[in-house]
Amino acid sequence: MKLPDYLRCPNCCARKLTFEAPSRVICGNCRANFPAQSEIRMFSLIRPFMEGDLKADIQSWWADLYKQAYLGHEENIDREKFSGQLEELEDLFHQRRHLAVVEMPVNELAGKRVLEIGSGSGAHSALFKHHGANVTAVDITPERAAATARKLQLVSGLDSSVFNADAENLPFVDDYFDIVYSNGVLHHSTNTEQCIAEVNRVLKPGGKAVLMLYSRHSAIYWFNIVPRALFTGEMLCWPEAQWIGRLTEGKPKFGETKNPYTRVYSANEIRGLLGDFKEIRLRKASFQFDNFCIPRLTQIRHGILRLLGYKEHSGGRLVYGRTVVPDTPIELYLGNIAGFSWNIVAVK
């Protein structure tokens, strides 16, 4: 198997990686060995983590959440069924005015080199390939990278490759991608600043970073996360990124590791973080009536909206592991003011 020509070794940065059948990649410079799953075209180009490294906790937590959301949902999917699911997902994204169709219009992706960082279950990358993009996807969690690889094999189009890789040390050459896309991922890293530097490095001059990072000044932060942090005492025990992490994204089910990191940003903090980019556009989004710290509010919202005639959308299964009731018009409006998402386009 011939490896893509835009790779570099994550250990020594040399462009001397070769595939050795049946299941490893070798660097011809430093002789580092990396595992591969050639049958699904997935390669683990990531440095081994030392014992106690918080990145191992990140892998453990996101593997746990992956199992919670998708275990058993991804079996027996064929090309035809998956194509229909992608169309449903795209419709849901349009209804929600999601980053993946607003800041990144899918009808303009044909022939573009797109890198997704933090591909999760692979639905976003598959949607981009479905619209003609040349997709490369990375995820720090092996289970999520493998799920992405399997989904991309179900989509016809240009070549695609998937890597179990670290966003703080991307295994790619400089100035290669037209677009780097990352939806709600980089704020969970041990070093978000280094992730942003890597995004800038691998983008072509004039290329776009399309990112979602969490907003500090939002309903979820001030009326949900902060009250719970005070009530539980988490705020008094950990640095900000860690106490926010322990209170967001859910609870572990298959292990004991909680979400290690979640960061939130003001508009000024976003502009400082992206200071090396020449153009930055921000749009706030993602507000729902269950954003407040009230028990069972999510179930109450769903129940009321169903009584008002709103229907569950099946497009949610691919990315959320379940059907969802899309945002109502008033929620979309309030998202511009109190939403938890900064939808970002930054030009190199």
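Around residue 216, which amide H atoms from residues at least 5 apart in sequence, or from another chain, sit under 5 Å from its own amide H, with H modelled in the peptide plane?
For residue 216, whose amide H was placed from the backbone, the distant partners under 5 Å are 265, 266.
If you count the DSSP beta bridges with both ends in the chain, what percent of them are antiparallel, to the nearest 5? Intermediate values should be presented prior to the final figure.
Details: 26 of 47 bridges.
In the chain, DSSP labels about 55 percent of beta bridges as antiparallel.
Go ahead and set up a Gaussian network model of the chain, Cα springs under 10 Å, then flag whichever of 37, 299, 68 fluctuates most.
Among 37, 299, 68, the largest mean-square fluctuation in the Gaussian network model of the chain belongs to 299.
Are there trypsin sites (Lys or Arg not before Pro) in region 230-306 that DSSP marks as loop and that have at most 14 other Cβ atoms within 10 Å, and which are they?
Answer in residue order: 253, 278, 296.
Put a dot 7 Å past each Cα toward the Cβ at residue 312 and residue 271; how far apart are the dots in nm?
4.4
Between region 269-348 and region 81-124, what is the C-alpha centre distance in whole Å?
16
Probe of 1.4 angstrom, ligands and nucleic acids ignored: what's the accessible area per residue over the chain, in square angstrom?
Details: 15790 Å² over 348 residues.
Per residue, the chain has 45 Å² of solvent-accessible surface.
Report, in deg cm²/dmol and to the nearest 500, the calculated mean residue ellipticity at 222 nm for the chain, where each DSSP H run with n ≥ 4 adds -39500 (n - 2.57) and the sum is divided by the residue count.
-9500 deg cm²/dmol
Considering the alpha-carbon set of region 23-135 alone, what are its Rg and its Dmax in angstrom?
Answer for region 23-135, Rg first and Dmax second: 17.2, 50 Å.
Does a label point 7 Å from the Cα of residue 193, set along Cα-to-beta-carbon, have any residues of region 149-183 with amide nitrogen under 19 Å, and which are they?
Answer for region 149-183: 167-170.
Looking at this model, which pairs from 112/311; 81/311; 16/204 are more than 27 angstrom apart at the alpha-carbon?
112/311
Which of the chymotrypsin sites (Phe, Trp or Tyr not before Pro) across region 275-324 are loop residues per DSSP, with 16 or fewer other Cβ within 10 Å?
292, 310
Going out from 0 in 5 Å bins, what whole percent of all Cα-Cα distances in region 28-80 drops into each bin?
4, 13, 13, 19, 22, 14, 8, 5, 2
If contacts are Cα pairs under 8 angstrom and at least 6 residues apart, what is the relative contact order of region 217-348 in percent?
Once divided by the residue count of region 217-348, the mean separation gives 33 percent.
What aspartates and glutamates could a cross-link reach from residue 251, if we take a straight Cα to Cα line under 17 Å and drop same-chain neighbours fewer than 8 places away?
57, 64, 234
Taking H placed 1.01 Å from N in the peptide plane, check which residues at least 5 places from residue 32 or on another chain put their amide H under 5 Å from its amide H.
Sorted by chain and number, the residues that satisfy this are 27.
Helix hunt in the chain: which complete DSSP H runs extend at least 20 Å axially by C-alpha with mean Kyte-Doolittle at least -1.0? Could the numbers behind the result be given before it?
On the way: long enough: 54-70 (24 Å, -0.56); 79-96 (25 Å, -1.38).
Span-like helices, by this rule, are 54-70.
If the reach is capped at under 20 angstrom between alpha carbons, list the lysines near residue 284, excluding any in the same chain fewer than eight residues apart.
208
Let a ≥ b ≥ c be the square roots of the eigenvalues of the Cα gyration tensor of region 204-348; is it rounded (a/c under 1.5), or, if not, prolate (a/b larger than b/c) or oblate?
Here region 204-348 falls in the oblate category.
Tell me, what is the FRET efficiency for residue 293 and residue 68 to the nearest 0.05, using R0 = 25 angstrom and their Cβ-Cβ distance as r?
Efficiency, from the Cβ-Cβ distance: 0.70.
Ignoring ligands, DNA and RNA, please state the percent of accessible area on the chain from carbon and sulfur, probe 1.4 Å.
Result for the chain: 52 percent of the exposed heavy-atom area is carbon or sulfur.
Suppose a student asked you for the relative contact order of the chain, using Cα pairs under 8 Å spaced at least 6 residues apart; what percent would you report?
Result for the chain is 18 percent.
With a point put 7 Å past each Cα toward its Cβ, work out how far residue 322 is from residue 300 in nm, to one decimal.
1.7
Which ³J(HN,Hα) values in Hz, rounded to whole numbers, follow from the phi angles of region 163-177 under the Karplus curve 6.51 cos²θ - 1.76 cosθ + 1.60, where θ = phi - 60° and Gly and Pro get x?
Listing the rounded values in order: 10, 7, 8, 9, 5, 7, 8, 5, x, 10, 6, 5, 6, 10, 8 Hz.
Per-residue HN-Hα couplings for region 204-220, Karplus 6.51 cos²θ - 1.76 cosθ + 1.60 at θ = phi - 60°, whole Hz, x for Gly and Pro?
After applying 6.51 cos²θ - 1.76 cosθ + 1.60, I find 5, x, x, x, 10, 9, 10, 10, 10, 10, 6, 9, 5, 8, 8, 4, 4 Hz.
If you split all Cα-Cα distances of the chain into 10 Å bins from zero, what percentages do you get per bin, shortest first?
Per 10 Å bin, starting at zero, the Cα-Cα P(r) for the chain comes out as 5, 24, 36, 26, 8, 1, 0 percent.
Apply the Karplus parameterisation 6.51 cos²θ - 1.76 cosθ + 1.60, with θ equal to phi minus 60°, to every residue of region 317-324 and state each ³J(HN,Hα) to the nearest whole Hz, in sequence, with x for glycine and proline.
4, 5, 10, 10, x, 6, 6, 9
The values are calculated or read from the model by the stated rules, or taken from the named source; none is laboratory data. Source: prediction; values computed, not measured. No Cβ is skipped: glycine too gets one built from the backbone with ideal geometry, and neighbour counts run over all protein chains shown. What goes into the accessible areas is simple: the full protein's heavy atoms, side chains included, and nothing from ligands, DNA or RNA. Shrake-Rupley method; radii C 1.70, N 1.55, O 1.52, S 1.80 Å.
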